[in-house]
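For reference, the structure is listed below as structure tokens.
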């Protein structure tokens, strides 16, 4: 079975994002970039399926600038067999990314596409769902457990207030949530070995996809700072205000 | 040489890779050495490891860079886009009093070392990232996120490489679910480029008795903030230094402020770690100087972007240990090449790396165990006379105090031109000169105002420091009972004050004082390893990729 | 402008968060709503009572298909012909369904908006709320999810909409619903709780930490903790709220004996209302708390419980 895992290069989750002084966006120049944490979980799940003997080939793919190669190398160090860089300098949006992935899926014919549920930069939480829609294939989002057997995949997914289990015929699209697994380290020996794994480089034009974003960013600002509120003298007053003023209880 | 926790676990299951040269540390000396090696020995395989998550993540400096070494290493650095974009245009040395300041006149004559004409203000981290690009183009293999945790030594006592730390070890010292053993990077020659107070350097120094006959090393702690300030206040190319207030006569140190880049200001404060007063808090000194009228206007309306801290080597030439041993050498600030009066260590670190690389290339070609010609090369280069010329200045401050030291350095610079027939010495290690709390005056620091001055925790927040939570604590207190009888009873826990990251806290002070270690906050400055009165704290590398993530511009 | 709002409901009642989505929708134009899933008929009646709703479309399906994303997204895409905007509150269900519908319509979804500037321009959080982006959509149809806490919900009663049946389009299948398991614990999950009661250093020890439970019980709250409390062993680390723990944004966050270091604030600063109780008047938590009490939390806790017991 073949698995396709898209991965995105984003600001490292340890870094505090800083809004540029001119309000045009968040500063990414000179900022540490890493693989989107949910994508790490997706790669890990694919690698575990390979270790179980269910999957025979893992292809990592990234759509973005040339430096996304680093992210693909990390994916290969974790266990992906080969990778594809779809190089573009245009800001990527789930709609365009889903179209690129659709073209790749039609080319590579994987049985499963496992994505991270959202990227921690734009927090769109859309690409997996959109890819599934374009392909008209079943989807399972926010997966916390994945089991493959008899040509189908059973996924437990996180929903508000609990979990839901669904069974999907292959090929299918899964998006990974936080609790699906804990990704392994890309160990140094594996990083060294991954340098020899193949990386194909293409462009969106090669796949006939127009990357032009539908959303234009007018401005980016920091959220308004919380101001200090008031000090109260008694529990009674607090409860009263919470009930009648803030209306939260 | 092994980290006790990991010994049984990783010895038999580690993978090995062989190189001609392994370099521990991706700072200016390590990168310069890597580049030089590939220039003079293009067939040598060179591997460089760096404990920060990326090159530059742990790099902290003012910085005003003298391009001398860079010019020798990569003469086309301008065309190749080295990030030296703000030349120094104006310099000031300020003597601060509590309310005012006096500018030192005729600076270039009175303090010629401070002359910065031809130098550039930049982020050393940015410069290192650029150097790493050049190194990779030349075929150096660079692996960030991996800490050198263990020195590998063969039966004959020769250093044969290093092992990276195990990953995925739990707090209890046992392998977790994602345990990945370290890897042995074996090499004919290993260059230790860990920066000031390197942890592997510490081991190698003990092993080969490298400090025999040299002065103890003495250090400073530099604490820095990066600010973005309103355009109207920005004076790119301005270099300011201060001394005097708020430090007393027995405490060496002062502030810096450099304007560069896009409305960026690098501000920081260095305190000599040979300070005697246990109540001193370098962090709080650094914060309160921002409120001084000489500096305050630049911070009004500005935004603090980043924070960090790092110790630096101040011993100069008298404290440089023996540099080579079978299978390796020490380069950069871990050996201690920083020129203290110039307040510059980058060009000297780079030069030392380049010279070591040349010595290693020679040793490779002649199959020698020790790159012994390194020491001779250092003496024959501009590095030696440069450091020799300033060798008495810092020790003069230690000996004569701030005023006496300033007077001495003026004389040394103007009259003796660095050619005094005597050499002053550092007699004591920094940890030995701390005085008991009972005889030391307490210092009343102002509370942070949250606009210009800040507390430790919000500062650490801006260093983007992170460590994997479930891992052994990397700061080892060898003897906890000694903490109570010495650190607490005698000195009232100086670590709770000198640590710029709030790692060390005293819990239950009133009832039963205990040391609480918040290892996650550690910014890898190494001050605790240096200043603990009985050398009771041992800093070892935490799991790779942990620690600060200083951003571009920092 | 005409808006179709996809509603979340529970036990036949439209969720408050969806009423926030209707409030947002009303700013854009005339509002129709769609209910699917089990109890759709009861939910439709509940929806019809919401003021401002013109028409309720209901899918009464007994096959369980309407719990799956594929048919519902296909339905939304079909219905979209009559609307300029499709909205929903950003629930797990909507996040599952709406982007798929957007793909079928060849438009880029706009998730989790916190403000509407005009019919094409919206404000939404990025980088986990560290920044707010104002974006303008070039698409003719907009597919949007709404952050409920940013829009005051419309009332639940007073409306009188018509109810109409719609059928789920037949699909290729491929997805089979197996089961749903709702959390049985009395306490809500920390990350999705409406109210959180958190303890810090001020709780002093593991025993005392349990004193938060009666308060949490009365408020139906989850229990959280600061890093300091976890490090000292008062509770295990799955309770930790903060930079290296969980990020929460409840309607009400009560911080008991928590100093409010920035690392903790990073985990709860998006709470709608913050209450702090601390004996140190200078504790940084008071800089962000809407309501603060300076005092001994061990005295105030039982007083709070007593007040909550009065009149409900």
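One table, with the values for the structure above:
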quantity: Residues that are touching a strand residue (DSSP E or B) at 6+ places or on another chain (Cβ under 8 Å), surrounded by fewer than 24 Cβ atoms within 10 Å (Cβ to Cβ) and within 8 Å of another protein chain (Cβ to nearest Cβ), drawn from region A:125-152; calculated: A:137
quantity: All positions within region B:143-168 that are assigned to a strand (DSSP E or B), surrounded by 20 or more Cβ atoms within 10 Å (Cβ to Cβ) and within 11 Å of chain A (Cβ to nearest Cβ); calculated: B:144, B:163, B:164, B:167
quantity: Odd one out for residue B:123, checked against (1) away from chain A (no Cβ under 13 Å); (2) crowded, with 16+ Cβ neighbours inside 10 Å; (3) farther than 20 Å from residue B:14 by Cα; calculated: (1)
quantity: Qualifying residues in region C:249-259 (those that are closer than 20 Å to residue A:223 by Cβ and within 11 Å of chain A (Cβ to nearest Cβ)) - the one surrounded by the most Cβ atoms within 10 Å (Cβ to Cβ); calculated: C:253
quantity: Matching strands (runs of 3 or more DSSP E) fully within region A:1-43 where at least 3 residues are more than 14 Å from chain B (Cβ to nearest Cβ) and surrounded by fewer than 21 Cβ atoms within 10 Å (Cβ to Cβ); calculated: none
quantity: From the options B:221, B:185, residue that is touching a helix residue (DSSP H, G or I) at 6+ places or on another chain (Cβ under 9 Å), crowded, with 18+ Cβ neighbours inside 10 Å and more than 21 Å from residue B:341 (Cβ to Cβ); calculated: B:185
quantity: Unique residue being more than 14 Å from chain A (Cβ to nearest Cβ), out of contact with any helix residue (DSSP H, G or I) (no Cβ under 7 Å at 6 or more places or on another chain), crowded, with 21+ Cβ neighbours inside 10 Å and at pLDDT 95 or above when the list is B:298, B:267; calculated: B:267
quantity: When residues of region C:44-68 are limited to those that are at pLDDT 95 or above and assigned to a helix (DSSP H, G or I), the one surrounded by the fewest Cβ atoms within 10 Å (Cβ to Cβ); calculated: C:45
quantity: Qualifying residue in region B:180-189 (condition: out of contact with any strand residue (DSSP E or B) (no Cβ under 9 Å at 6 or more places or on another chain) and more than 30 Å from residue B:288 (Cβ to Cβ)); calculated: no
quantity: Filtered residues of region C:83-109 (kept if farther than 22 Å from residue C:9 by Cβ and more than 7 Å from chain A (Cβ to nearest Cβ)); calculated: C:84, C:105, C:106
quantity: Given (1) facing chain A (nearest Cβ under 7 Å); (2) assigned to a strand (DSSP E or B), index of the condition residue C:124 fails; calculated: (1)
quantity: Of the criteria (1) more than 11 Å from every other protein chain (Cβ to nearest Cβ); (2) outside any loop (DSSP other than H, G, I, E, B), which one residue C:170 fails; calculated: (2)
quantity: The lone exception for residue A:244 - which of (1) within 9 Å of chain C (Cβ to nearest Cβ); (2) surrounded by fewer than 21 Cβ atoms within 10 Å (Cβ to Cβ) it fails; calculated: (1)
quantity: Count of region C:126-165 residues which are surrounded by fewer than 20 Cβ atoms within 10 Å (Cβ to Cβ), free of Cβ contacts under 8 Å to residues at least 60 places away in the same chain and within 20 Å of residue C:73 (Cα to Cα); calculated: 2
quantity: Some residue of region A:152-160 being in contact with a helix residue (DSSP H, G or I) (Cβ under 7 Å, 6 or more places away or on another chain) and outside any strand (DSSP E or B); calculated: yes
quantity: Test result for residue B:43, over 14 Å from the mean Cα position of the chain (by Cα) and not in a strand (DSSP E or B); calculated: yes
quantity: Single condition residue C:266 does not satisfy, out of (1) assigned to a helix (DSSP H, G or I); (2) within 14 Å of chain A (Cβ to nearest Cβ); (3) at pLDDT 90 or above; calculated: (3)
quantity: Among residues of region C:269-312, those that are more than 8 Å from chain A (Cβ to nearest Cβ) and part of a helix (DSSP H, G or I), counted; calculated: 9
quantity: Within region C:110-121, considering residues that are touching a residue at least 60 places away in the same chain (Cβ under 8 Å) and either within 22 Å of the chain's Cα centre (by Cα) or within 7 Å of chain A (Cβ to nearest Cβ) (or both), the one surrounded by the fewest Cβ atoms within 10 Å (Cβ to Cβ); calculated: C:116
quantity: Filter result for residue C:88 (over 21 Å from residue A:174 (Cα atoms), in contact with a helix residue (DSSP H, G or I) (Cβ under 7 Å, 6 or more places away or on another chain) and buried (at least 18 other Cβ atoms within 10 Å of the Cβ)); calculated: yes
quantity: Top-ranked residue in region C:181-214 [being touching a residue at least 24 places away in the same chain (Cβ under 8 Å) and at the interface with chain A (Cβ under 9 Å from one of its Cβ atoms); ranked as nearest to residue A:146 (Cα to Cα)]; calculated: C:189
quantity: Matching residues in region A:77-98 - criterion: being surrounded by 22 or more Cβ atoms within 10 Å (Cβ to Cβ) and within 14 Å of chain C (Cβ to nearest Cβ); calculated: A:92, A:94, A:95, A:96, A:97, A:98
quantity: Number of positions in region B:409-427 that are modelled with pLDDT of 90 or more and either within 24 Å of the chain's Cα centre (by Cα) or assigned to a helix (DSSP H, G or I) (or both); calculated: 4
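The values are calculated or read from the model by the stated rules, or taken from the named source; none is laboratory data. Model, not experiment: these values are computed from the prediction. Please note: Cβ atoms are built from the backbone with ideal geometry, for glycine as well, and neighbour counts cover all protein chains shown.
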